[in-house]
Amino acid sequence: MTAAMRRGGITGIVMFIAACVNEPVAPSLSLAPEIGASAVVANPNNVLSATLSVRVLHADSVAVRFHVGDNGAATDSVTPAVQAVGDSAAVPVLGLLPASRYILRAVAFGAGGTVVGDSVEMTTGSLPSDLPQYAASGPDPSPGYVVFAAGMYGLVIDNTGRVVWYRRFPNGPGLSFMAQPNGRYVARPTTPDPTDVDSWVELDPLGDITRTLGCGLGLQPRPHDLISERDGSYWLMCDEVRTMDLTAAGGIAEARVTGTAVQHLSAAGTLLFHWSPFDHFSITDGEPADRTGPSVNWTHGNALDLDVDGNLIVSFRNLGEITKIDAVSGAVIWRMGGRRNEFTFLDSPSPAFSGQHSARISASHALMILDNLGTPRESRAEDYTVDEAARTARLAHAYSSIPGVVTQIGGSVQSLPGGRTLVSFGTAGRVEEYDAAGQVMWAIEGNAGYVFRAQRIRSLYAPGVGSAR
């Protein structure tokens with residue numbers, strides 16, 4: 001039962017107050033909610049969800065109780081309540097079973113009490129034939145769901161591996177299908193025309209595209225990471241390409257060099273912040289072998305996060321470096337790893353990581369990454385305690401699959417409550433959740449395929465809200 005249902009209480013009683021015997025009696029305005037016509041509408045994006053449209057009077061908000069077939073009201077699930085707009089409400093119902101008959105009832109809440117409407121029936125459709133299938137298990141998984149991209153789909157699975165939400169994209173969702181702090185999903189699908197600029201898209205919990213998110217200055221958005229703020233603004237990485245003479249650095253005279261810029265744009269698309277590696281890094285910060293050809297993938301930014309002080313943390317894979325950047329001035333605060341490393345690594349080899357992905361701030365002075373290539377014969381999640389003043393990074397925890405696997409590209413880490421960590425081992429096809437002692441508490445069984453990023457969320461109705469990235 002939701003908090004709104006508990007607040008609703010019993011049906012309100014109309015009270016009559018007589019100021020004097022000669023004056024009329026006036027009822028209070030706390031009238032009981034009334035529910036009129038209800039209709040269920042299937043979701044064209046996803047057979048596992050629907051919308052119940054309800055006509056109401058005297059209602060502040062509306063939820064839906066629902067159960068499968070003849071199981072009865074004792075097995076009801078309840079959606080979160082949504083605000084009534086005028087005399088109507090549209091309530092999403094998510095996480096349904098495929099090819100199943102459901103009974104749904106609107107529940108209206110108001111100052112005058114709570115009212116349950118008449119039943120409405122619907123039958124969900126069958127799953128798409130090309131939808132991936134999974135099995136998952138573990139002795140003590142964290143509550144909630146896991147989000148990732150697979151093939152042509154953005155997916156959400158439960159702790160058994162059952163797909164509970166999906167959205168198909170004509171050319172696939174791209175590397176990252178993620179839930180965001182603003183309660184939406186994002187993906188960066190590709191277009192068939194290689195000359196087109198590919199933008200990120202934002203989707204609501206029903207899978208409808210609400211807006212597109214692109215870079216300013218005509219740059220191409222990278223498909224690796226994005227942060228949507230609650231105010232509608234967003235941070236993203238962009239490909240900035242310049243023609244450079246690299247003959248003095250072992251390259252050719254007219255090399256096309258791609259560096260990773262970082263931008264912050266307002267909800268209206270106004271460019272608020274632009275940071276370019278060409279203004280702060282040297283071409284020789286990368287590996288010599290990477291700058292010999294006509295096209296130079298110089299920095300290869302693959303992750304960004306906001307530190308607790310509001311500044312940026314960016315992972316540059318091809319530099320083997322994590323960089324902290326002032327989110328106002330653009331000044332480089334520090335550089336960790338790679339050829340320009342400023343840190344002393346404690347309780348770990350130096351350099352401590354290589355080819356890293358998924359840089360995330362897990363707490364104050366705590367940095368977590370997937371170290372793809374820094375440890376022989378295995379990729380692993382690593383959690384560092386960072387002392388910025390002393391320029392030290394101490395390896396606090398490391399988690400690896402058993403037996404160890406190596407993913408040259410991709411993969412992710414996510415810090416979870418209770419000292420837990422969710423890890424995707426990229427192309428190695430393993431997605432596992434560890435407790436603080438490094439024991440596997442949950443995993444997708446078999447080979448999950450290439451999961452660039454896996455992410456736990458708490459709710460299908462507000463994906464990403466209250467969850468770590």
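The values are calculated or read from the model by the stated rules, or taken from the named source; none is laboratory data. Everything numeric here is computed off the predicted structure, so don't read it as measured data. Here Cβ is always computed from backbone atoms with ideal geometry, including for glycine, and neighbour counts include all displayed protein chains. The protein model used for the area step is the full one, side chains on, heavy atoms only, and it has no ligands, DNA or RNA in it. Shrake-Rupley method; radii C 1.70, N 1.55, O 1.52, S 1.80 Å.
Of all residues in the range 222-264, how many are aliphatic (A, V, I, L, M) and touching a Cys at 6+ places or on another chain (Cβ under 8 Å)?
Residues flagged as aliphatic (A, V, I, L, M) and touching a Cys at 6+ places or on another chain (Cβ under 8 Å) within the range 222-264 amount to 3.
Just to be sure I understand the filter: pairs with C-beta atoms under 6 Å, separated by 6 or more residues or on different chains, first member in the range 432-458 and closer than 17 Å to ASP371 by Cα and among the hydroxyl-bearing types (Ser, Thr, Tyr), second member open to solvent by 30 Å² or more (accessible area, probe 1.4 Å) and part of a loop (DSSP other than H, G, I, E, B). Which pairs pass?
That search, which allows pairs on different chains as well, returns TYR450/THR427.
May I ask you to list the residues in the range 294-320 that are aromatic (Phe, Trp, Tyr) and over 26 Å from the mean Cα position of the chain (by Cα)?
Residue satisfying the conditions is TRP298 alone.
For the range 321-347, give me each residue that is within 25 Å of the chain's Cα centre (by Cα) and either under 14 Å from PRO277 (Cβ atoms) or not in a loop (DSSP other than H, G, I, E, B) (or both).
Correct list: GLU321, ILE322, THR323, LYS324, ILE325.
Taking the residues in the range 101-126 that are more than 16 Å from LEU52 (Cβ to Cβ) and hydroxyl-bearing (Ser, Thr, Tyr) as candidates, determine which candidate is most open to solvent (accessible area, probe 1.4 Å).
Here the residue is SER126.
Consider ILE103 against the criteria (1) more than 30 Å from the chain's Cα centre (by Cα); (2) in contact (Cβ under 8 Å) with a residue 40 or more places away in the chain: it satisfies all of them except one. Which criterion is unmet?
Answer for ILE103: the failing condition is (2).
Out of the residues in the range 142-153 meeting the condition of being more than 14 Å from THR190 (Cβ to Cβ) and in a strand (DSSP E or B), tell me which one is most open to solvent (accessible area, probe 1.4 Å).
Of everything passing the filter in the range 142-153, TYR145 is most open to solvent (accessible area, probe 1.4 Å).
Hey, HIS264 hits all of (1) closer than 20 Å to PRO288 by Cβ; (2) open to solvent by less than 60 Å² (accessible area, probe 1.4 Å) but one; which does it fall short on?
(1)
So, restricting to strands (runs of 3 or more DSSP E) that lie completely within the range 186-256, which ones have at least 2 residues that are open to solvent by less than 20 Å² (accessible area, probe 1.4 Å) and among the hydroxyl-bearing types (Ser, Thr, Tyr)?
Fully inside the range 186-256 and qualifying: nothing.
Could you list all residues from the range 127-136 that are open to solvent by less than 80 Å² (accessible area, probe 1.4 Å) and farther than 17 Å from GLY449 by Cα?
Correct list: LEU127, PRO128.
Is at least one residue of the range 408-426 open to solvent by 30 Å² or more (accessible area, probe 1.4 Å), part of a loop (DSSP other than H, G, I, E, B) and either in contact with a helix residue (DSSP H, G or I) (Cβ under 7 Å, 6 or more places away or on another chain) or over 24 Å from ASN159 (Cβ atoms) (or both)?
So far as the range 408-426 goes, yes, one or more of its residues are open to solvent by 30 Å² or more (accessible area, probe 1.4 Å), part of a loop (DSSP other than H, G, I, E, B) and either in contact with a helix residue (DSSP H, G or I) (Cβ under 7 Å, 6 or more places away or on another chain) or over 24 Å from ASN159 (Cβ atoms) (or both).
Since ASP383 meets every condition but one in (1) assigned to a loop (DSSP other than H, G, I, E, B); (2) under 30 Å from VAL164 (Cβ atoms); (3) free of Cβ contacts under 8 Å to residues at least 40 places away in the same chain; (4) open to solvent by less than 40 Å² (accessible area, probe 1.4 Å), which condition does it not meet?
Failed condition: (1).
Return yes or no: is GLY269 open to solvent by 10 Å² or more (accessible area, probe 1.4 Å) and small (Gly, Ala, Ser)?
It is true that GLY269 is open to solvent by 10 Å² or more (accessible area, probe 1.4 Å) and small (Gly, Ala, Ser).
May I ask you to list the residues in the range 427-448 that are part of a loop (DSSP other than H, G, I, E, B) and either among the charged types (D, E, K, R) or open to solvent by 30 Å² or more (accessible area, probe 1.4 Å) (or both)?
Listed by number, the residues that qualify are THR427, ARG430, ASP435, ALA436, ALA437, GLN439, GLU445, GLY446, ASN447.
Residue-wise test of (1) modelled with pLDDT of 95 or more; (2) of a type in the set (D, E, K, R); (3) more than 30 Å from GLY95 (Cα to Cα).
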{"residue": "ASP196", "(1), (2), (3)": "no, yes, yes"}
{"residue": "ILE209", "(1), (2), (3)": "yes, no, no"}
{"residue": "LEU226", "(1), (2), (3)": "yes, no, no"}
{"residue": "TYR234", "(1), (2), (3)": "yes, no, no"}
{"residue": "ALA267", "(1), (2), (3)": "yes, no, no"}
{"residue": "LEU271", "(1), (2), (3)": "yes, no, yes"}
{"residue": "PHE278", "(1), (2), (3)": "yes, no, yes"}
{"residue": "GLU287", "(1), (2), (3)": "no, yes, yes"}
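When you go through (1) hydroxyl-bearing (Ser, Thr, Tyr); (2) more than 18 Å from ALA149 (Cα to Cα); (3) free of Cβ contacts under 8 Å to residues at least 24 places away in the same chain one by one for SER199, which number turns out not to apply?
(2)
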